[in-house]
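Student: One structure, pasted below without further comment.
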Amino acid sequence: MKVTVSRDGVAIGVWDRADIKAAVATGELQPTDRYFEKEMASWLPLSSLTTTLYSPKRAGRNSAPLSSPTYWRQAATTAGGAFVLLAGVSALIHPNYFAQALMFAAGLLLIAGARTLA
């Protein structure tokens, strides 16, 4: 089924209903955009359509596509946390504080970089 999407009162295109979730995940469409289908009385926010298309109970925890910023933010945060944890464990086993400080700093940089992703 085709869905017409508008942003700021201007129609920006027509999408298949099945492609809306991917377009929102990649940032092509915004959840604040409005949509309209045949036989609807008024335009509705796209966020109401995407919540009906996406069910967290059916999708896995890492269900974001590989091209989405959400996936990379999650991956960078996980890797940064692993570096910080590894630096702490390594300091207990074999104290080489220069190497641990570098690993800890790299972990913090990954976490900070992940927070800047859109």
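Bear in mind that the values in this text are calculations on the coordinates, not laboratory data. Just so it is clear, the model here is predicted, and its values are computed rather than measured. All Cβ positions, glycine included, derive from the backbone under ideal geometry; neighbour counts span all protein chains shown.
Student: What does the charge add up to near Met1, with Lys and Arg as +1, Asp and Glu as -1, over the other residues with Cβ less than 10 Å from its Cβ?
Tutor: Numbers: positive: Lys2, Arg17, Lys38; negative: Asp16, Glu37.
Here the charged neighbours net out to +1.
Student: Would you grab the residues whose amide H sits under 5 Å from the one on Leu44? Only those 5+ places off in sequence or on another chain, please, with H modelled 1.01 Å from N.
Tutor: Hits under the 5 Å cutoff: Tyr35.
Student: If I take every Cα pair under 8 Å that is 6 or more residues apart in the range 69-116, average their sequence separation and divide by the length, what percent do I get for the relative contact order?
Tutor: Details: 44 pairs, mean separation 25.7, N = 48.
Reported as a whole number, the value is 54 percent.
Student: Let me ask another. Please give the net charge around Met40, taking every other residue with its beta carbon less than 14 angstrom from that of Met40, where Lys and Arg add +1 and Asp and Glu add -1.
Tutor: On the way: positive: Lys2, Arg17, Arg34, Lys38; negative: Glu37, Glu39.
Taking every other residue near Met40 into account, the sum is +2.
Student: Kindly provide the trypsin sites (Lys or Arg not before Pro) of the range 1-41 that DSSP labels as loop, not H, G, I, E or B, and whose Cβ sees at most 14 other Cβ atoms within 10 Å.
Tutor: Values: sites: Lys2, Arg7, Arg17, Lys21, Arg34, Lys38; in loops: Lys38.
Here the sparse-neighbourhood loop sites are Lys38.
Student: Sorted by average packing, counted as other Cβ atoms within 10 angstrom per residue and highest first, what order do 27-33, 9-15, 97-103, 39-45 take?
Tutor: Working: 27-33: 15.6, 9-15: 11.6, 97-103: 13.4, 39-45: 9.9.
Put in order of decreasing packing, that is 27-33, 97-103, 9-15, 39-45.
Student: How far apart, in nanometres, would the label points at Thr70 and Leu92 be if each is projected 7 angstrom from Cα along the Cα-to-Cβ direction?
Tutor: Label at Thr70, label at Leu92, 3.5 nm between them.
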